[in-house]
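For reference, the structure is listed below as structure tokens.
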Amino acid sequence: MTDTARRRLLALAALAPLAGALPAFAQAQSTGDAAPAAPGEDKRLMEMTMGSADAPVEMIEYASLTCPHCAHFHEEVLPQLKADYIDTGKVRLVFREVYFDRFGLWATMVARCGGPLRYFGIVGEMYRTQREWTQGADDAAIAANLRKIGKVSGLTDEEMNACLGDQDFANALVERYRQQASDDGIDATPTFIIDGEKVSNRSYEEFRKILDDKLG
């Protein structure tokens with residue numbers, strides 16, 4: 001990762017604690033799973049996954065919550081993959097957030113605030129309404145839109161305030177993304193790592209061929 005990219009990520013983290021920076025945000029169900037947290041680990045930082053841990057194929061998705069192509073994948077392709085491969089125990093999906101803008105980081109903080117049981121439900125709603133919540137006259141308006149999604153998903157003001165005002169939480173998310181993106185060479189979204197093989201965005205039929213080949 002370049003020095004420019006690192007500086008950009010640090011700037012995103014600095015903008016993250018909305019409870020202080022954006023009063024409009026601070027005061028104004030899922031079938032997902034999660035990897036077990038280590039002792040003392042913040043559960044909000046757990047790896048978010050769908051499917052059996054014993055599935056023979058692992059599919060890692062790198063996606064931004066503000067990316068239209070990612071929204072299309074989650075709306076049109078993922079439901080088919082889930083029905084045919086994830087729910088049947090053939091594939092385990094690992095979802096990793098990418099931060100190309102501060103709104104994607106804010107959205108992640110809201111989604112992870114709900115914990116693993118609500119995470120994919122919140123993410124799904126963010127993708128379904130992406131065109132609406134990403135529109136706003138200023139940062140406070142977009143933050144308020146995200147807050148509405150959190151409340152519809154059952155989060156309280158207190159829960160969102162605790163997550164969105166937590167600088168350590170924001171820093172940890174950005175640092176983990178920086179390391180994972182560097183390790184896997186992520187520079188676009190969505191990008192997939194299927195059993196170690198880097199794969200660009202595809203149609204369901206193309207994903208099906210790749211997965212069937214992996215499954216033998």
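Going by average Cβ density within 10 Å per residue, which order do the peptides 135-145, 63-73 take, highest to lowest? Intermediate values should be presented prior to the final figure.
Numbers: 135-145: 15.5, 63-73: 21.0.
With the highest mean Cβ count within 10 Å placed first, the list reads 63-73, 135-145.
Taking only Cα atoms of region 89-207, what ratio of Rg to Rh do you get with Rh as the Kirkwood inverse-distance radius?
0.98
Strictly over 26 Å apart at the Cα level, which of Lys43/Lys148; Lys148/Lys198; Lys90/Lys151; Lys43/Lys214 would you flag in this model? Before the final figure, lay out the partial values.
On the way: Lys43/Lys148 23 Å; Lys148/Lys198 35 Å; Lys90/Lys151 34 Å; Lys43/Lys214 32 Å.
Result: Lys148/Lys198; Lys90/Lys151; Lys43/Lys214 exceed 26 Å.
With all protein chains present, how much of the accessible area of region 155-200 (probe radius 1.4 Å) comes from carbon and sulfur, to the nearest whole percent?
With neighbouring chains kept in place, the figure for region 155-200 is 43 percent.
For an R0 of 25 angstrom, estimate the FRET efficiency from the Cβ-Cβ distance between Arg131 and Arg208 and round to the nearest 0.05.
Numbers: r = 28 Å, r/R0 = 1.12.
Working from the Cβ atoms, E equals 0.35.
When the chain is fully extended, how far beyond the present Cα-Cα distance does Glu158 get from Lys198, taking 0.36 nm per residue of separation?
10.4 nm
If we count every other residue with Cβ under 12 angstrom of Ile210's Cβ, Lys/Arg +1 and Asp/Glu -1, where does the sum land?
-1
The values are calculated or read from the model by the stated rules, or taken from the named source; none is laboratory data. Everything numeric in this text was worked out from a predicted model, so none of it was measured. Methodologically, a virtual Cβ is constructed for each residue, glycine included, from the backbone with ideal geometry; neighbour enumeration extends over all protein chains shown. SASA here: full protein model, heavy atoms, side chains in, ligands and nucleic acids out. Shrake-Rupley method; radii C 1.70, N 1.55, O 1.52, S 1.80 Å.
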